[in-house]
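The block underneath contains the structure these notes are about, expressed in structure tokens.
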Amino acid sequence: MSAVDPPRPLVRDAVARALAEDVGVLGDLTAALVPADARGTGVLVARAPGVLAGQACATETWAQLDPAVDVQWRCADGAALRAGTVLADVDGPLRSVLTGERTALNFLCHLSGVATLTRRFADAAGDRTRVLETRKTLPGLRALEKAAVRAGGGVNHRGSLSDLVLVKDNHRAGLTVGEAVTAARAAWPGRGVEVECDDAGQVREAVQAGADLVMLDNLSPEQVAACVPLVRAGPRPDTLVEVSGGVTLDTVAAYAAAGADLISVGALTQSAPALDLALDLDPGGR
């Protein structure tokens, strides 16, 4: 298992739910018309350039349907693809190959789309600044999408609300930034504390209160550049600066140059376009 692989139990669960949804109560009615002894041999291929992710889900799809289907990968998650790149060889009973085709491709196309967009952001941000996703993930697929972000060269933000205290403006009703950080430390001494800041005054408060991370939300690159020295001059030199809110491929380099340590982009998982991948079957294999 590599660092970009999603947890196996979550892969099995996501695939089981997807197959139950797609196959239905009576099974694949159309595939049942195919002779039971027909073989299916083909390749998974990229129709467009991108970055591969989701191979564990594709493999698990056919494994759950029929262990007789063999999938041999030629590329690993994180591999850069060109149009025409062969990703894997697929061989097995044709009925099973056909039944699993759409579910396997749904996972592959979506997750490779996430990895591809992440790679574009990571390349634009450069080596010093790390690109992260947010909690704007599809329900039930968060761990898979986070793995796809890693495959694309990004790193992961908190996996759930239990991982980190992230104090946003809506959490501070009746509290100052400093009071919110103090309350978080008292309630959850083993968790990191991040504070969302909308202006330089809030940045100063968060830094003086000892926040682990300062999130600069919806600020311009110029405003970020003005706030970063306030963080660096604080009592904790290891406090990280995260930029979030409306960052695009056109602006990510400017935010990185402004001094951000982390840039979080909700679009990585919320609206990444699917990568065009396909299963090409060999007519002679039938």
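The values are calculated or read from the model by the stated rules, or taken from the named source; none is laboratory data. This is a predicted model, so every value here is computed, not measured. Heads up, the Cβs are rebuilt from the backbone with ideal geometry, glycines too, and the neighbour counts pull from every protein chain shown. When the accessible area is computed, the model is the full protein with side chains, heavy atoms only, and any ligands, DNA or RNA have been set aside. Shrake-Rupley method; radii C 1.70, N 1.55, O 1.52, S 1.80 Å.
Close contacts from segment 173-192, counting a first residue that is within 19 Å of L161 (Cα to Cα) and a second that is assigned to a loop (DSSP other than H, G, I, E, B) and at pLDDT 90 or above, with Cβ to Cβ under 7 Å and a gap of 6+ residues or different chains, come to V181/G210; V181/A211; G192/D212. It is to be established whether one or more residues within segment 39-58 are touching a helix residue (DSSP H, G or I) at 6+ places or on another chain (Cβ under 7 Å) and open to solvent by 40 Å² or more (accessible area, probe 1.4 Å). Checking segment 39-58: at least one residue is touching a helix residue (DSSP H, G or I) at 6+ places or on another chain (Cβ under 7 Å) and open to solvent by 40 Å² or more (accessible area, probe 1.4 Å). Restricting attention to segment 215-249, the residues being within 21 Å of A267 (Cα to Cα) and among the hydrophobic types (A, V, I, L, M, F, W, C) number 8. Which one of the conditions (1) out of contact with any Asp or Glu (no Cβ under 9 Å at 6 or more places or on another chain); (2) closer than 21 Å to S271 by Cα; (3) open to solvent by 50 Å² or more (accessible area, probe 1.4 Å) does L105 fail to meet, given that it meets all the rest? Here L105 clears every test but (3).
Do we find a residue being at pLDDT 95 or above, open to solvent by 70 Å² or more (accessible area, probe 1.4 Å) and not in a loop (DSSP other than H, G, I, E, B) anywhere in segment 166-182? The answer is no, given that none of the residues of segment 166-182 is at pLDDT 95 or above, open to solvent by 70 Å² or more (accessible area, probe 1.4 Å) and not in a loop (DSSP other than H, G, I, E, B). Across segment 245-286, which residue is farthest from L111 (Cα to Cα) among those that are among the β-branched types (V, I, T) and outside any helix (DSSP H, G or I)? Per the stated criteria, the residue is T251. Of all residues in segment 49-63, those satisfying the criterion of being of a type in the set (V, I, T) and touching a strand residue (DSSP E or B) at 6+ places or on another chain (Cβ under 8 Å) are V51, T59.
If you go through segment 59-75 and keep only what is surrounded by fewer than 22 Cβ atoms within 10 Å (Cβ to Cβ), under 22 Å from A20 (Cα atoms) and charged (D, E, K, R), you end up with D66, D70. The residues in segment 213-230 that are surrounded by fewer than 19 Cβ atoms within 10 Å (Cβ to Cβ), touching a strand residue (DSSP E or B) at 6+ places or on another chain (Cβ under 9 Å) and assigned to a loop (DSSP other than H, G, I, E, B) can be counted, and the count is 1. Restricting attention to segment 231-244 and to residues that are in a loop (DSSP other than H, G, I, E, B) and open to solvent by less than 60 Å² (accessible area, probe 1.4 Å), the residue that is nearest to A125 (Cα to Cα) turns out to be T239. Scanning segment 183-211 for residues that are part of a loop (DSSP other than H, G, I, E, B) and among the small types (G, A, S) yields G190, G210, A211.
Scanning segment 1-24 for residues that are open to solvent by less than 90 Å² (accessible area, probe 1.4 Å) and without any contact (Cβ under 8 Å) to a residue 24 or more places away in the chain gives P9, D13, A20, G24.
May I ask you to verify whether T59 is within 24 Å of the chain's Cα centre (by Cα) and β-branched (V, I, T)? Give the derivation first.
On the way: within 24 Å of the chain's Cα centre (by Cα): yes; β-branched (V, I, T): yes.
Yes, satisfied.
Just so you know, in segment 145-165 the residues that are in contact (Cβ under 8 Å) with a residue 60 or more places away in the chain and of a type in the set (D, E, K, R) include one that is surrounded by the fewest Cβ atoms within 10 Å (Cβ to Cβ), and it is R150.
What strands (runs of 3 or more DSSP E) lie completely within segment 25-143 and have 2 or more residues being in contact (Cβ under 8 Å) with a residue 60 or more places away in the chain? Before you say what the answer is, go through the steps one by one.
Values: elements: 39-46, 70-73, 86-93, 130-132.
Counting at least 2 such residues, we get 39-46, 86-93, 130-132.
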